[in-house]
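Q: Starting off with a structure, shown below.
Bear in mind that the values in this text are calculations on the coordinates, not laboratory data. Please read these numbers as outputs of a predicted model, since none were measured by experiment.
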């Protein structure tokens, strides 16, 4: 007997887990619920009978995986990286069960290799890739449109939801169509879909029963190798599978002509508006301010429905396309117009309005007014001005974070030895901003070590240091360390080990000792790993400020690769789960000793330290101070005790 779904009617899903921001808070409206987009996506996947869910933490997609925490009929996990997650999901699909891989757009980049093979080979059980984009880079180090990778490049079908309720419906259809077409489907929700709320119907549709795994060999599809296919005239298998993919693409284009996610809404005039995904939602919101109604074409699929688009273009002089964030659909519509000889001016992201940043109702309104200067607004839409000016806040670590004294010591050594510091993704990347301004580079996960290696072999005379966190190290940093050792690089690799993926909400990893559900799991021994590949290994407690400095200074002088493992559990997580782990220290500033040198603020940068301009002394802000005692360690005059 299968276990009941934790989403079933009448069972509470509201729980508090320290350190997690859950999307499970729901507002009940009879049989419907007002929920966040990520909950709707997860609920739909469970209803569709998904049996395996794998992902890697990353805003705005993180909560989708966490929603399966209590779904014991589904195998859910945080994989070491996104490529591993997608390959696991593919393996489950070929075993004839439904599977889902979840990640943000940066993670989809990591999956490029397997993407460009599974598209040729196809799938068996329904396979869904969630690639959540972050227009504007609100929680990312870059801004990109993953539709270019998964559709324009890999030719995979894409659903682009306009809101949470539509995302839920698309997930169910994606699994069904994936099995019908043997194609991996992609759902591309943007941040505003993932984290906005919509009313969803929990009784709509019937929950699919998860099937049992059943592997059947299909070597012609599953063996991706350059062998000849005699039945097709001796062409190589990659070409044959490419031919299959092209045929499937045409099949999907025909299928999407009847998709409920594409439709035309009538209006007046020769100017039409096309809304793709959340672009449609912005059009509907902006339309409330127009004195006339424009014809609207809503598009939620790639490939686009060519016949529907041509029907919409009839009688139009120009169309404006709203999409996040690149002119993907705009290029397809322009190509269609050229092929069919349709004399319509197609406007959009390619220069008619902002070609970067996320859409807003204001941007849509101004673009429509630009396209049709005669349109009147019922009421003016303008940004609300605040009565006060809100101070700009820089990136920083939490008070008590062990990365702060570690970065402080790296900065001291880097100043003394004139080092170049290569940074990576994680809580420690805040050290690249004021007041520390330590790292010279922050690119993508795992890039710090190879970049430092490259600078060394380029002939850079200054010592190089790379700074990486434990979760990022397990994600893509391991290869960089092995290569640095193998190639004979000289650098110091500082590995901040706080036992969790703190930046995205304290998700566990291969060094945490537990899995997604909190069950015991093996721990990768970082010291033994370093020793196994032949590098010099040092272990320090970053709270030992003086001891850490001595080790870093020694490591810079060593030949070859020196791995400094700075281990101390995340203060924020540990203070909630294990309150006795950190010794609290009552602190005060001895004003006669404080000369206002600002070292503790300018070099250490704890947010609990403030400068009193009248007294010209440093003060401790009691509401922010967590009594870690680190500021007393860095004060040169002993004014904090």
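Q: Could you tell me how many degrees, from 0 to 90 and to the nearest 10, lie between the Cα long axis of helix 448-457 and the main elongation axis, the longest principal axis, of the Cα atoms of the chain?
A: 70
Q: I've got another one for you. For the range 263-371, what D do you get in µm² per second when you plug the Kirkwood radius from alpha-carbon pairs into Stokes-Einstein at 20 °C and 1.002 mPa s?
A: 158
Q: In whole percent, what relative contact order does the range 112-257 give with Cα contacts below 8 Å and a gap of six or more residues?
A: 28
Q: Additional query: Is the shape of the range 27-222 rounded, prolate or oblate, going by the alpha carbon gyration tensor and its root eigenvalues a ≥ b ≥ c, with a/c under 1.5 for rounded and a/b larger than b/c for prolate?
A: In terms of gyration-tensor shape, oblate.
Q: What relative contact order, as a whole-number percentage, does the chain give when Cα pairs under 8 Å and 6 or more residues apart are counted? Walk me through the numbers before you get to the answer.
A: Values: 1326 pairs, mean separation 65.3, N = 641.
Relative contact order, the chain: 10 percent.
Q: Quick check: Cα centre of the range 32-51 to Cα centre of the range 147-168, how many Å?
A: After rounding, the separation between the Cα centres reads 17 Å.
Q: Same structure again: Principal axis extents for the range 192-310, Cα atoms only, whole Å, descending order, please.
A: 64, 39, 23
Q: Over the range 27-222, what is the mean sequence separation of C-alpha contacts under 8 Å (at least six apart), divided by residue count, expressed as relative contact order in percent?
A: Computed value for the range 27-222: 30 percent relative contact order.
Q: Alpha carbon centre of the range 518-582 versus the range 419-469: separation in Å?
A: 18
Q: OK, next. If you take the alpha carbon radius of gyration of the range 530-641 and divide it by 2.2 N^0.38 Å, what ratio comes out, to two decimals?
A: 1.30
Q: Now for a separate question. Have a look at the range 403-574 and give its Rg and Dmax from the Cα atoms, expressed in angstrom.
A: 14.9, 48
Q: Compute the orientation-averaged projected area for the range 583-641 from the convex hull of its Cα atoms and round it to one decimal in nm².
A: Seen from a random direction, the Cα hull of the range 583-641 projects 3.6 nm² on average.
Q: Nearest 5 percent is fine: what portion of the DSSP beta bridges confined to the range 27-222 is antiparallel?
A: 30
Q: Now for a separate question. Once every DSSP H run of n ≥ 4 in the chain is given -39500 (n - 2.57) and the sum is divided by its residues, what mean residue ellipticity at 222 nm do you get, rounded to the nearest 500 deg cm²/dmol?
A: Numbers: 20 runs with 199 residues, N = 641.
Only helices count here, giving -9000 deg cm²/dmol.
Q: P(r) for the range 339-464: what percent of alpha-carbon pairs falls in each 10 Å bin, starting at zero?
A: Calculated over all Cα pairs of the range 339-464, the distribution is 10, 24, 19, 17, 18, 11, 3 percent.
Q: Let me ask another. Can you tell me the mean projection area, over all orientations, of the convex hull of the chain's alpha carbons? Units nm², please. Display every interim value, and only then the final one.
A: Details: hull surface 137.6 nm².
About 34.4 nm², averaged over all directions.
Q: First obtain the Kirkwood hydrodynamic radius of the range 238-283 from its Cα pairs, then insert it into the Stokes-Einstein equation at 25 °C and 0.890 mPa s, and state the resulting D in µm² per second as a whole number. If you can, show how the numbers build up before the last one.
A: Numbers: Rh = 13.4 Å.
Roughly 183 µm²/s, to the nearest whole number.
Q: Determine the percent antiparallel among the DSSP beta bridges restricted to the chain, to the nearest 5.
A: So the antiparallel bridges in the chain amount to around 30 percent.
Q: Shape verdict for the range 563-604, please, from the Cα gyration tensor: rounded (a/c under 1.5), prolate (a/b greater than b/c) or oblate.
A: The shape class here is oblate.
Q: What do you get for the angle between helix 112-121 and the principal long axis of the chain? Use alpha-carbon atoms, 0 to 90 degrees, nearest ten.
A: Compared with the principal axis, the helix lies near 30 degrees.
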